[in-house]
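Report on the structure given below.
The values are calculated or read from the model by the stated rules, or taken from the named source; none is laboratory data. Keep in mind it's a predicted model, so treat the numbers as computed, not measured. So basically every Cβ, Gly included, is an ideal-geometry build from the backbone, and we count neighbours across all protein chains shown.
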Amino acid sequence: MVPILNLPLYGLLKELPNDHEDLPSCYHNLGMMENHRGNYTESLQWLNKALQMYTQTLKSDDPIIARTYNSIGEVQLRTGDKSSALESFTKALNIRKKAFGEDHLLVAMCYHNIG
């Protein structure tokens, strides 16, 4: 397995200034990559860093924040932390319902994750 420090996304991360608008997206992608690699602690660190930046720069009901809560919930579920996963999935659901309405695929996906 290729160490994360050798991946192009990490190189991009080092080049971006601390206030670059793409930085939280890079963090989110690194978190998802670590999730798929089975590195759940690292995944949650990256995803929480993304969430922190998103909540500082976006409105609290932005669907991007819902995506990050959903991703965090996926990792929490994989680690067996069902109560935290439920909380994260519920936050994603509430944001997506407000943004898209009840009859939207992303809302249905939230219900699926909660179920």
Q.
Show the residue pairs meeting these rules: Cβ distance below 7 Å; 6+ apart or different chains; first residue within segment 19-38 and in a loop (DSSP other than H, G, I, E, B); second residue at pLDDT below 90.
A. ASP22/LEU16
Q: Could you list all residues from segment 41-62 that are part of a helix (DSSP H, G or I) and surrounded by fewer than 17 Cβ atoms within 10 Å (Cβ to Cβ)?
A: THR41, GLN45, ASN48, GLN52, THR55, GLN56, THR57
Q: For segment 60-104, name all the residues that are under 25 Å from ARG37 (Cα atoms) and of a type in the set (Asp, Glu).
A: GLU74, ASP81, GLU87
Q: May I ask you to list the residues in segment 89-98 that are within 17 Å of the chain's Cα centre (by Cα) and closer than 15 Å to PRO63 by Cβ?
A: PHE89, LYS91, ALA92, LEU93, ASN94, ILE95, ARG96
Q: Taking SER71 as the residue in question, decide whether it is modelled with pLDDT under 95 and either touching a strand residue (DSSP E or B) at 6+ places or on another chain (Cβ under 8 Å) or among the small types (Gly, Ala, Ser) (or both).
A: no
Q | Selection within segment 14-40 - basic (Lys, Arg) and surrounded by fewer than 13 Cβ atoms within 10 Å (Cβ to Cβ) | A | LYS14
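Results for (1) surrounded by 21 or more Cβ atoms within 10 Å (Cβ to Cβ); (2) assigned to a helix (DSSP H, G or I), shown as yes or no for each residue.
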| residue | (1), (2) |
| --- | --- |
| SER71 | yes, yes |
| LEU77 | no, yes |
| GLY80 | no, no |
| SER83 | no, yes |
| LEU86 | no, yes |
| LEU93 | yes, yes |
| ALA99 | no, yes |
| LEU106 | no, yes |
| TYR111 | no, yes |
